[in-house]
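To start, the structure itself, in structure tokens.
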Amino acid sequence: MGRPRSFDTDKAVRAAAVLFAASGYEGTSIDDLTVATGMHRGSLYNVFGSKRSLYLRALRAHLDHEILPSTAAIGSLPDAEQARSAAVAAFDNGPAAGFLLLAAVERAPKDPDVADLVAEAFTALEDALRSAHAADPPHEASTVLGNRLRLRARPTTSQED
């Protein structure tokens, strides 16, 4: 009989999601993940199988706990202007889009499973805007996500030459 787990798997997935959102898949090492999750390398591999599997699980959790609740709230609003404002607030100022956008840019072109999750999120945002009677939901979603991408591309600190 093996030892009982001394870590919370869901907490580890959340910690990994934060790390992937900040550094992306390529910028996150297994050592980074062991520090962030508090798991030993062997435990991490035993539970998740691979860095990619942990990434997919973290992205799925991000959709389930951040993106889809945000889009459901947006879709419940009575008009397009309120929905647009809520989408901007959720995706520009909140945690909702950071991980999603990195996944879309960095991993989706190379990984069909990531592409499917990204497409699910984008479709959810478009459907939410459509429910709120936005004139052009795909355009509106692209504008909201594009604005978030532009904000993310700004340096966080000024660097002197």
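Listed here are the residues, each with its yes/no results for (1) part of a helix (DSSP H, G or I); (2) closer than 17 Å to Leu149 by Cα.
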{"site": "Pro78", "(1), (2)": "no, no"}
{"site": "Leu100", "(1), (2)": "yes, yes"}
{"site": "Pro109", "(1), (2)": "no, yes"}
{"site": "Asp113", "(1), (2)": "yes, no"}
{"site": "Glu120", "(1), (2)": "yes, no"}
{"site": "Thr123", "(1), (2)": "yes, no"}
{"site": "Ala128", "(1), (2)": "yes, no"}
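Say whether the condition of being modelled with pLDDT of 80 or more, surrounded by 14 or more Cβ atoms within 10 Å (Cβ to Cβ) and among the acidic types (Asp, Glu) is met by at least one residue in region 86-108. Among the residues of region 86-108, at least one is modelled with pLDDT of 80 or more, surrounded by 14 or more Cβ atoms within 10 Å (Cβ to Cβ) and among the acidic types (Asp, Glu), which makes the answer yes. If you scan region 16-42, which residues turn out to be farther than 22 Å from Leu149 by Cβ and surrounded by fewer than 18 Cβ atoms within 10 Å (Cβ to Cβ)? Passing the criteria: Ser29, Ile30, Asp31, Asp32, Thr34, Val35, Gly38, His40, Arg41, Gly42.
Which residues, taken from region 44-69, are without any contact (Cβ under 8 Å) to a residue 40 or more places away in the chain and within 16 Å of Ala132 (Cα to Cα)? The answer is Pro69, and nothing else.
The values are calculated or read from the model by the stated rules, or taken from the named source; none is laboratory data. As the structure is a computational prediction, the values presented were derived from the model and not from experiment. With ideal geometry, Cβ positions are generated from the backbone for all residues, glycine too; neighbour counts draw on all protein chains shown.
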